[in-house]
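Notes for the one structure printed next.
A short reminder: the numbers here are calculations on the coordinates, not readings from a lab. Not measured: the values here are computed from a predicted model.
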Amino acid sequence: MQQSRHDCAQAEHLFALLERDALDAAIDAGLMQFVGAHCTQCPAGWLARIAAAQRQLQTAWDARQRYRARQARLQQRAEARARARLQRTDPARSTSPNPPALPPAVAAVLARAKARAAGRAT
């Protein structure tokens, strides 16, 4: 006969709490620390119910952690986009005092276009 490594009374208590849907109380009573899957003295129904609750709770906690991590990543990205947008639109925050110079070829084309436009306007 295998010796129990846990308190069978705790298993009974946890099972009773879970049956009453008192999950918070079961957590406080040590649900997640309970180890008794191979106890031959506890009814199999108790152990199955406790193990199922542990799996469900761990799955929920893992999902919550993933959600929080995702929300933090999204928040960081949004803040980075806002900073970049602010730097592009707010000249006071710009690091250079003047806008970047046009390449010489583009500047020449622009000058010719302005000259033509000025000649037609007169």
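Here, region 8-92 yields an orientationally averaged convex hull projection of 7.6 nm² when only Cα atoms define the hull. The phi-based Karplus calculation (6.51 cos²θ - 1.76 cosθ + 1.60; θ = phi - 60°) puts the 3J(HN,Hα) values of region 110-116 at 5, 5, 5, 5, 5, 5, 4 Hz, whole numbers, x for Gly and Pro. Across region 36-47, computed HN-Hα scalar couplings (Karplus, 6.51 cos²θ - 1.76 cosθ + 1.60, θ = phi - 60°) run x, 4, 10, 6, 8, 8, 8, x, 4, x, 4, 5 Hz from first to last residue, x flagging Gly and Pro. In order along region 78-88, phi translates into HN-Hα couplings of 5, 5, 5, 5, 5, 4, 5, 5, 5, 5, 6 Hz, rounded to whole numbers, per the Karplus curve 6.51 cos²θ - 1.76 cosθ + 1.60 with θ = phi - 60° and x for Gly and Pro.
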